[in-house]
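To keep things clear, I will list the structure first and then write my remarks on it.
The values are calculated or read from the model by the stated rules, or taken from the named source; none is laboratory data. None of the values given here were measured: they were computed from a predicted structure. Cβ: placed from backbone, ideal geometry, glycine included. Neighbour counts: every protein chain shown.
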Amino acid sequence: MENTQSKPVRDHRIDSHYAAPEAKNVSMFESNKSRSVELDRHFLRKQRIIAGYDSCPYIDAYKVLRTRVLQKMRERGWNTLAVTSPHVNAGKTLAAINLSISLAQEVNQTVLLVDASLRNPSIHRYLGLEPRYGLADHLLDRIAVEDILLHSNDIGQLTILPGNRPMIDSAEMLSSPQMASLVEALKMHSAARFVVYDLPHLQTADALAFVPQVDAVLLVIEAGATTQDELKHAFEHLQGVPVIGTLLNKSEQISRN
């Protein structure tokens, strides 16, 4: 399902001109401040989300991925991960959701899943949610993050920072000081928390503008569809950003189960 071999790269940090997060932001993620939501297991299964399944090879594959991601991230002291793909329709959003759920089911592991696909947010649709606010409302209208967060009662320690409306200037906003400040606040909140960002694919400027702000990237490739040239170009785009591995998605072997 996945290959954790990574290309030698150097770590990037947020540029010093970005504004530091306010003290209030660092404590904004208390679970008692986020709105609790119930997820429909039948609906999740129809969306191929592992929380809707009983034990099966599909779930086991994500447990293997979870273990390898945790090992790679923990040994380097990293806690922010972006999920992207070389092209559209590789299934990276579903992969980000399933990985986040699997991580949240680990004992003593808390996870925040962020819908950073600002031009086409879709995590809430996969989960059957209708959020009142989304990330765009925080970035554009200063809606407090604690008023946007959704906490699942069904899935371990999983909290979601959803999107809800598309943004025209998504690439500019993802590289803005406001977004950099939020990313830093999320990272600083707790070393025990993993923050997973669902990004657009790499044929947009959005992902390229954002990935230098995270610790590492997981690259989702589509079995039978992603070409060698697309994969090569993806690694070229990500040069200078740690890639902890690739996830082979839509495998026939998994799909038959």
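Quick test for you: out of 159, 110, 93, pick the one residue that is β-branched (Val, Ile, Thr), buried (at least 17 other Cβ atoms within 10 Å of the Cβ) and modelled with pLDDT of 95 or more.
The conditions single out 93.
Condition (residue is among the small types (Gly, Ala, Ser), at pLDDT 95 or above and either crowded, with 23+ Cβ neighbours inside 10 Å or in contact with a helix residue (DSSP H, G or I) (Cβ under 8 Å, 6 or more places away or on another chain) (or both)) applied to the range 202-215: is it met by at least one residue?
Checked against the condition, which is being among the small types (Gly, Ala, Ser), at pLDDT 95 or above and either crowded, with 23+ Cβ neighbours inside 10 Å or in contact with a helix residue (DSSP H, G or I) (Cβ under 8 Å, 6 or more places away or on another chain) (or both), the range 202-215 yields no hits at all.
Being of a type in the set (S, T, N, Q), at pLDDT below 95, within 23 Å of residue 94 (Cα to Cα) and surrounded by fewer than 21 Cβ atoms within 10 Å (Cβ to Cβ) is true for just one of 255, 190. Which residue is that?
255
What's the number of the only condition in (1) modelled with pLDDT of 90 or more; (2) within 30 Å of residue 41 (Cβ to Cβ) that residue 241 fails to meet?
(2)
State which residue pairs qualify: first residue more than 11 Å from residue 136 (Cα to Cα) and free of Cβ contacts under 8 Å to residues at least 60 places away in the same chain and inside the range 165-177, second residue assigned to a helix (DSSP H, G or I) and of a type in the set (Phe, Trp, Tyr) in any location, beta carbons under 8 Å apart, and separation of 6 or more residues or different chains.
Matching pairs, first to second residue: 175/210.
Which members of the range 67-85 meet the condition of being surrounded by 19 or more Cβ atoms within 10 Å (Cβ to Cβ) and among the acidic types (Asp, Glu)?
Listed by number, the list is empty, since nothing qualifies.
Can you tell me which of 206, 229 is acidic (Asp, Glu) and either more than 22 Å from residue 124 (Cβ to Cβ) or assigned to a loop (DSSP other than H, G, I, E, B) (or both)?
One residue alone meets the criteria, 229.
Working only within the range 113-143, note down all residues that are among the basic types (Lys, Arg) and either within 26 Å of residue 53 (Cα to Cα) or buried (at least 24 other Cβ atoms within 10 Å of the Cβ) (or both).
125
Do you know which residues across the range 175-203 are within 25 Å of residue 66 (Cβ to Cβ) and either assigned to a loop (DSSP other than H, G, I, E, B) or in contact with a Gly (Cβ under 6 Å, 6 or more places away or on another chain) (or both)?
190, 191, 192, 199, 200, 201, 202
Which one of these is touching a residue at least 60 places away in the same chain (Cβ under 8 Å) and under 20 Å from residue 96 (Cα atoms): 202, 161, 135?
Within the list 202, 161, 135, the selection yields 202.
For the range 100-107, does any single residue satisfy the condition of being touching a strand residue (DSSP E or B) at 6+ places or on another chain (Cβ under 7 Å) and surrounded by fewer than 19 Cβ atoms within 10 Å (Cβ to Cβ)?
Among the residues of the range 100-107, not one is touching a strand residue (DSSP E or B) at 6+ places or on another chain (Cβ under 7 Å) and surrounded by fewer than 19 Cβ atoms within 10 Å (Cβ to Cβ), which makes the answer no.
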